[in-house]
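Student: Let me begin by handing over the structure; questions about it come next.
Just so you know, all these numbers are worked out from the coordinates, no wet-lab data involved. Given the structure is predicted, the values throughout are model-derived calculations rather than measurements. Don't worry about glycine lacking a Cβ; one is built from the backbone with ideal geometry, like all the others, and counts go over all protein chains shown.
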Amino acid sequence: MPDLHSRFELMILDFNQIPKDIADFKNIKLFFENSKRAGVDPKQPENRQKFNNNFIEKSNKRYLLSRYTEDRIEMLRGSKIAEEGRTFHLGIDIFSKDLEPVSAPCDCEIVYTGKEEGNHGWGHFVIIKPNVSITSDYIFLGHLSKKLPSLVRVSKGQVIGQLGDYKEFENGGWSRHLHVQLIRDFSIDNPMPIGYSTKQGLKQNMIKYPDPSMFIFD
């Protein structure tokens, strides 16, 4: 994603860890509270996109990055995931204002592409296998557009897709972002990872789905 290393800012999505002195336009907890008072659903992708766009513009950045294993209970309340207690996010999200191009984070082979149908799923996604000299883990890239790549070898930096939009659930019905997640034990029969963990299962799931930071900040 162009300028990712130089033009990003952290977005804290765990309401309990938002600093008291944070600027209002960066405070997603405040956005949720104000939206609800106005009778607006802050979870709808078009409303979340407005918050993200305002954050990006006022920060003079291009991207907003979430944190690995962040607890998103407040953002998931009322969902099936929250009812199951799976609120700890197992990847890193890269939010943007525009439908940015997505490039291969390393020399790799594209081994699987697909789409999870319905709302609040992965939408279109790609799974890549890095060269063995880099890692034995696979990389999952979720919430893409329908223009998916072929199953070929690609070089680091080569464009392999584009962010999907929330319209018609192209990206699963979320605000515009890329979900990056590592998969330690990939199976072609069950390719899609779980995106969230319970608190009790977090330690084990962190082994199954390690921190993908090295492929974002390399």
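Student: Go through region 16-27 and give me each residue that's surrounded by fewer than 16 Cβ atoms within 10 Å (Cβ to Cβ) and over 16 Å from Asp71 (Cα atoms).
Tutor: Matches in region 16-27: Lys20, Asp21, Ile22, Ala23, Asp24, Phe25.
Student: I've got another one for you. Test Ser133 against the stated conditions and say whether it is surrounded by fewer than 18 Cβ atoms within 10 Å (Cβ to Cβ), part of a loop (DSSP other than H, G, I, E, B) and in contact (Cβ under 8 Å) with a residue 24 or more places away in the chain. Steps first, answer last, please.
Tutor: Working: surrounded by fewer than 18 Cβ atoms within 10 Å (Cβ to Cβ): yes; part of a loop (DSSP other than H, G, I, E, B): yes; in contact (Cβ under 8 Å) with a residue 24 or more places away in the chain: no.
The answer is no for Ser133.
Student: Continuing with this model, one more query. State yes or no: is Leu178 out of contact with any Pro (no Cβ under 6 Å at 6 or more places or on another chain), within 20 Å of Arg62 (Cβ to Cβ) and of a type in the set (A, V, I, L, M, F, W, C)? Give the steps one after another, and end with the answer.
Tutor: Numbers: out of contact with any Pro (no Cβ under 6 Å at 6 or more places or on another chain): yes; within 20 Å of Arg62 (Cβ to Cβ): yes; of a type in the set (A, V, I, L, M, F, W, C): yes.
Yes; evaluated as a whole, the condition is true for this residue.
Student: Do the conditions hold for Ile73, that is, is it among the β-branched types (Val, Ile, Thr) and under 23 Å from Ile183 (Cβ atoms)?
Tutor: no
Student: Does Phe217 satisfy being in contact (Cβ under 8 Å) with a residue 40 or more places away in the chain, out of contact with any Pro (no Cβ under 8 Å at 6 or more places or on another chain), within 17 Å of Gly91 (Cα to Cα) and surrounded by fewer than 20 Cβ atoms within 10 Å (Cβ to Cβ)?
Tutor: Yes, satisfied.
Student: Look at Gly78 and say whether it is surrounded by fewer than 14 Cβ atoms within 10 Å (Cβ to Cβ) and on the phi > 0 side of the Ramachandran plot.
Tutor: Yes.
Student: Follow-up. Among the numbered criteria (1) without any contact (Cβ under 8 Å) to a residue 24 or more places away in the chain; (2) closer than 25 Å to Ser197 by Cα, which single criterion is violated by Ser79?
Tutor: The number of the failed condition is (1).
Student: In addition: Residues being under 22 Å from Asn54 (Cβ atoms), assigned to a loop (DSSP other than H, G, I, E, B) and in contact with a strand residue (DSSP E or B) (Cβ under 8 Å, 6 or more places away or on another chain): count how many of those fall in region 64-97.
Tutor: Number satisfying all stated conditions: 4.
Student: Does region 75-93 include one or more residues that are closer than 19 Å to Leu4 by Cα and in contact with a helix residue (DSSP H, G or I) (Cβ under 9 Å, 6 or more places away or on another chain)?
Tutor: yes
Student: Out of Gly121, Gly164, Gly142, report the one residue that is within 14 Å of the chain's Cα centre (by Cα), more than 21 Å from Leu4 (Cβ to Cβ) and not charged (D, E, K, R).
Tutor: Gly121
Student: So in region 28-61, with the set limited to residues that are surrounded by 13 or more Cβ atoms within 10 Å (Cβ to Cβ) and of a type in the set (Lys, Arg), which one is farthest from Arg7 (Cα to Cα)?
Tutor: Lys43
Student: Within region 105-118, which residues are under 16 Å from the mean Cα position of the chain (by Cα) and free of Cβ contacts under 8 Å to residues at least 60 places away in the same chain? Steps first, answer last, please.
Tutor: Step one: list which residues in region 105-118 are under 16 Å from the mean Cα position of the chain (by Cα), which gives 105, 115-116.
Matches in region 105-118: Lys115 only.
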